[in-house]
Amino acid sequence: MLENSLWLRYNPNKTIREVLARLYECSAVEIGDDERALYASLKRHLTKKEFRMVMMNEGGLSAEEIGEEVGLSGDELKKAQYKAYRKIRQDKIRLEVRASQGKEEFEPEVDAE
């Protein structure tokens with residue numbers, strides 16, 4: 001799994017899958033089950049600072065602790081966190097995370113009219 005990752009450093013009790021399911025307001029079954037693929041997907045789409053902020057925030061650290069670690073404070077920190085979570089909610093990440101479940105492709109229905 002992710003033995004030496006930053007995720008487990010800040011979130012020893014939560015999985016990435018659980019957090020993404022909560023953010024996307026869906027069940028964990030709809031999210032891919034490969035933690036490494038989910039971790040890599042988030043890491044690919046977020047900057048290092050954004051990724052660290054999300055991990056620390058989901059781990060329950062205070063705003064002061066997060067600010068010290070990433071070098072931001074006050075409104076700057078709030079704006080950066082908002083931007084990071086907004087990126088996570090984008091369709092390209094959402095679809096990639098859900099597609100990692102079974103690599104199933106969505107085929108829209110076409111009306112025969």
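Against the definition (under 20 Å from I93 (Cα atoms) and in contact with a Lys or Arg (Cβ under 6 Å, 6 or more places away or on another chain)), how does A21 come out, yes or no?
In short, no.
A quick yes/no check of all residues on (1) assigned to a helix (DSSP H, G or I); (2) farther than 25 Å from A99 by Cβ; (3) at pLDDT below 90:
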{"site": "L2", "(1), (2), (3)": "no, no, yes"}
{"site": "W7", "(1), (2), (3)": "yes, no, yes"}
{"site": "K14", "(1), (2), (3)": "no, no, yes"}
{"site": "C26", "(1), (2), (3)": "no, no, yes"}
{"site": "V29", "(1), (2), (3)": "yes, no, yes"}
{"site": "R44", "(1), (2), (3)": "yes, no, no"}
{"site": "K49", "(1), (2), (3)": "yes, yes, no"}
{"site": "R52", "(1), (2), (3)": "yes, yes, no"}
{"site": "M56", "(1), (2), (3)": "yes, yes, no"}
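What's the number of the condition E50 fails, among (1) of a type outside the set (A, V, I, L, M); (2) buried (at least 19 other Cβ atoms within 10 Å of the Cβ); (3) in contact (Cβ under 8 Å) with a residue 40 or more places away in the chain?
(3)
When the stretch 31-42 is examined, which residues are found to be crowded, with 18+ Cβ neighbours inside 10 Å and in a loop (DSSP other than H, G, I, E, B)?
Residues satisfying the conditions are I31, G32.
The values are calculated or read from the model by the stated rules, or taken from the named source; none is laboratory data. Just so you know, these numbers come straight off a predicted model, no measurement behind them. Using ideal geometry, Cβ is built from the backbone for each residue, glycine included, and neighbour counts are taken over all protein chains shown.
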